[in-house]
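To keep things clear, I will list the structure first and then write my remarks on it.
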Amino acid sequence: MNIQSVVLLTVAISLGVEIASAQPPLSLPSGANAGQERMNADFGPQGPPFFIPRALRVKVVDEATGKPVPDAVAIIGRQVRQTSQEGTTRLFGPIGERVTVTVAYIAGRVKRLVTFHNVPVGTSGNRRVGQGELLLPVPNGLPLRREAKFFLDVPFGGVPAGSIWTGLLPQLATDLVGPRFGAFEGIELFEDKVQDDGLASLMVVAFDEDGLPFKYGHMLDKAPGSLDRKFLFLVEPFATPLELDVAPVSWAKRADPINDSSADDECDFQAPPYTQCGFFFPLDGIFSWINVIRKGIVYTTPGVFLPARTAGANPLMQLPDAVIEMVGHDDPLGIGGGINYNRHKFNRFELMPMEVEIVMPNVLIGTADQTGAEAISVMETNGSIQLSWNVGAGNGDLSHAQAVDYATLELIWPIAGDGTNAIWLHVIESMVGFNKLSLPVLPRRFSTWVPPSADVFSDTTVSLFGTNGVEGFEGAWAAWQAGQKPIRLGDQAFDVNRWR
């Protein structure tokens, strides 16, 4: 099961005083005032109680690039509006303090729906005046544009003795692993690897005979246009040569109610200080690795795939002005048999401590003895598809479950007859205990976009996210409005995933 990264499509919604003519969407009732006519039919010309009919201004942008997504469709209730080339459209009132918005678009050949459930719309003290913007994490709104294609070479004599191959970070379009002499041809830089400031950086890594990084160099903060069709060298002053030492950072796992292995368990040292504690799950420990996060780009340090461990060290390749993230991952209920549960813990530092204690989240979706199919219920009643699950803990301590800020539900199913899939992502508030979601009813024109029945899903995944950088669902929502990713905020964060 591939854990969805929180693909992000951002919908910015603001309330305007005036009602402007709408961009004519596909297959809509004739007339730019169809939304107003529908509202009058529901409430009369005077409008709904307490609210003046408003234009709800919607902007759809791609999460990876921040660029507007044209020809997407925004849906509230029975209203459907297509976005302009600027990614904007208008939906007409009434608008309450919370709203559920669905965005439909096509990514490649995949039909995608993203629904943001019951999200807060900012209002002033006067309920007749609305204001605010909504930004939401959801997927691939635009194909990625290539910013540059170039060559990079570590000059003769620049590769340390003992290296068996070299590699590039961050992860680019394909894995780039070069021979010992460190020459990389045809490097393609795409816009999702461009930094927040519009510049680009690369790291070159040398691996030893154990397959672990031991030296590195970097080329930082270059304009993509200055790289295109160039042959570049990892030499000063343009770059830092492949001479920097990789530093091991020690860590230890604390026992928890779901995975009781701990640093006190016996470990075999292999290529010290790196360790392993057995090759098999469920209770042999965790995988751990280090990410370096700089200007919005994540550099995942090689060495992730060392066997499950309970104590040891990870290789750190530090960059200036970066946040260091120690990650723990485990599948504590086992692999196989349809258990389908895993979790991550993220510990972040500006200055790396000598040793890190990894405390995994004590949060369960369902119970420890259930399969994923038992933990997540899918039912159909009178044509309505409903999903439910329980959020709890491995013992009576619900403090971690109460720290969940938001959840996602992702549904994937095949489209009959054309060999493609449809994906429907739901962004929702999570509750301790019983959670239930009924799939929204979309307008009839989307009948081929929605699941025909409850038994078609090839993948059903519930993910929970918590961080000390925001407070609850409204805090996460405020972060999205500011263009931030909630899970990336704070110095402690986690996710928990279960699928059927």
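Does at least one position in the stretch 442-451 carry a residue that is part of a loop (DSSP other than H, G, I, E, B), out of contact with any Lys or Arg (no Cβ under 9 Å at 6 or more places or on another chain) and within 30 Å of G337 (Cβ to Cβ)?
So far as the stretch 442-451 goes, yes, one or more of its residues are part of a loop (DSSP other than H, G, I, E, B), out of contact with any Lys or Arg (no Cβ under 9 Å at 6 or more places or on another chain) and within 30 Å of G337 (Cβ to Cβ).
Among the charged types (D, E, K, R) and farther than 15 Å from G158 by Cβ, is that true of K253?
yes
Kindly indicate whether any position in the stretch 399-412 is in contact (Cβ under 8 Å) with a residue 60 or more places away in the chain, out of contact with any helix residue (DSSP H, G or I) (no Cβ under 8 Å at 6 or more places or on another chain) and closer than 21 Å to M379 by Cα.
yes
Of everything in the stretch 395-412 that's out of contact with any strand residue (DSSP E or B) (no Cβ under 6 Å at 6 or more places or on another chain) and not charged (D, E, K, R), which residue is surrounded by the most Cβ atoms within 10 Å (Cβ to Cβ)?
In this case the residue turns out to be H400.
Go through the stretch 452-470 and report how many residues are among the hydrophobic types (A, V, I, L, M, F, W, C) and not in a loop (DSSP other than H, G, I, E, B).
Here the count works out to 3.
Does the stretch 316-327 contain at least one residue that is touching a Ser or Thr at 6+ places or on another chain (Cβ under 7 Å), in a loop (DSSP other than H, G, I, E, B), at pLDDT 90 or above and crowded, with 18+ Cβ neighbours inside 10 Å?
Looking for residues that are touching a Ser or Thr at 6+ places or on another chain (Cβ under 7 Å), in a loop (DSSP other than H, G, I, E, B), at pLDDT 90 or above and crowded, with 18+ Cβ neighbours inside 10 Å, one finds at least one in the stretch 316-327, hence yes.
Residue-wise test of (1) part of a loop (DSSP other than H, G, I, E, B); (2) under 24 Å from the mean Cα position of the chain (by Cα); (3) aliphatic (A, V, I, L, M).
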site: G394; (1), (2), (3): yes, no, no
site: A401; (1), (2), (3): no, yes, yes
site: V404; (1), (2), (3): yes, yes, yes
site: M431; (1), (2), (3): yes, yes, yes
site: F434; (1), (2), (3): no, no, no
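Which of the residues belonging to the stretch 435-479 are without any contact (Cβ under 8 Å) to a residue 12 or more places away in the chain and polar (S, T, N, Q)?
S447
What do you reckon, is R488 in the same structural domain as N382 (by TED's automatic domain parsing), farther than 18 Å from V363 by Cβ and free of Cβ contacts under 8 Å to residues at least 12 places away in the same chain?
No: the conditions fail for R488.
Can you tell me which residue in the stretch 327-376 is nearest to W389 (Cα to Cα), limited to those that are among the small types (G, A, S) and in contact with a helix residue (DSSP H, G or I) (Cβ under 7 Å, 6 or more places away or on another chain)?
For the stretch 327-376, the residue satisfying everything is G366.
Conditions (1) on the phi < 0 side of the Ramachandran plot; (2) modelled with pLDDT of 90 or more, marked per residue:
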| site | (1), (2) |
| --- | --- |
| G66 | no, no |
| V69 | yes, no |
| F92 | yes, no |
| I95 | yes, no |
| V103 | yes, yes |
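Answer yes or no: is there a residue in the stretch 470-486 that is under 17 Å from the mean Cα position of the chain (by Cα), closer than 22 Å to N342 by Cβ, at pLDDT 95 or above and crowded, with 20+ Cβ neighbours inside 10 Å.
Checked the stretch 470-486: no residue is under 17 Å from the mean Cα position of the chain (by Cα), closer than 22 Å to N342 by Cβ, at pLDDT 95 or above and crowded, with 20+ Cβ neighbours inside 10 Å.
Of the conditions (1) at pLDDT below 50; (2) closer than 24 Å to N421 by Cα; (3) exposed (fewer than 15 other Cβ atoms within 10 Å of the Cβ), R109 satisfies every one except a single condition; which number is it?
Checking R109 against (1) at pLDDT below 50; (2) closer than 24 Å to N421 by Cα; (3) exposed (fewer than 15 other Cβ atoms within 10 Å of the Cβ), the one that fails is (1).
Would a scan of the stretch 180-189 turn up a residue that is out of contact with any helix residue (DSSP H, G or I) (no Cβ under 9 Å at 6 or more places or on another chain) and buried (at least 20 other Cβ atoms within 10 Å of the Cβ)?
yes
When you check N421 against the structure, is it in contact with an Asp or Glu (Cβ under 8 Å, 6 or more places away or on another chain) and surrounded by 15 or more Cβ atoms within 10 Å (Cβ to Cβ), yes or no?
Spelling it out, it is not the case that N421 is in contact with an Asp or Glu (Cβ under 8 Å, 6 or more places away or on another chain) and surrounded by 15 or more Cβ atoms within 10 Å (Cβ to Cβ).
Checking A478 against (1) in contact with a helix residue (DSSP H, G or I) (Cβ under 8 Å, 6 or more places away or on another chain); (2) closer than 18 Å to T408 by Cα, which single condition isn't satisfied?
Status for A478: all satisfied but (1).
The values are calculated or read from the model by the stated rules, or taken from the named source; none is laboratory data. Computed from a predicted model, the values in this text were never measured in an experiment. In this analysis, Cβ positions are derived from the backbone assuming ideal geometry, glycine residues included, and neighbour counts consider all displayed protein chains.
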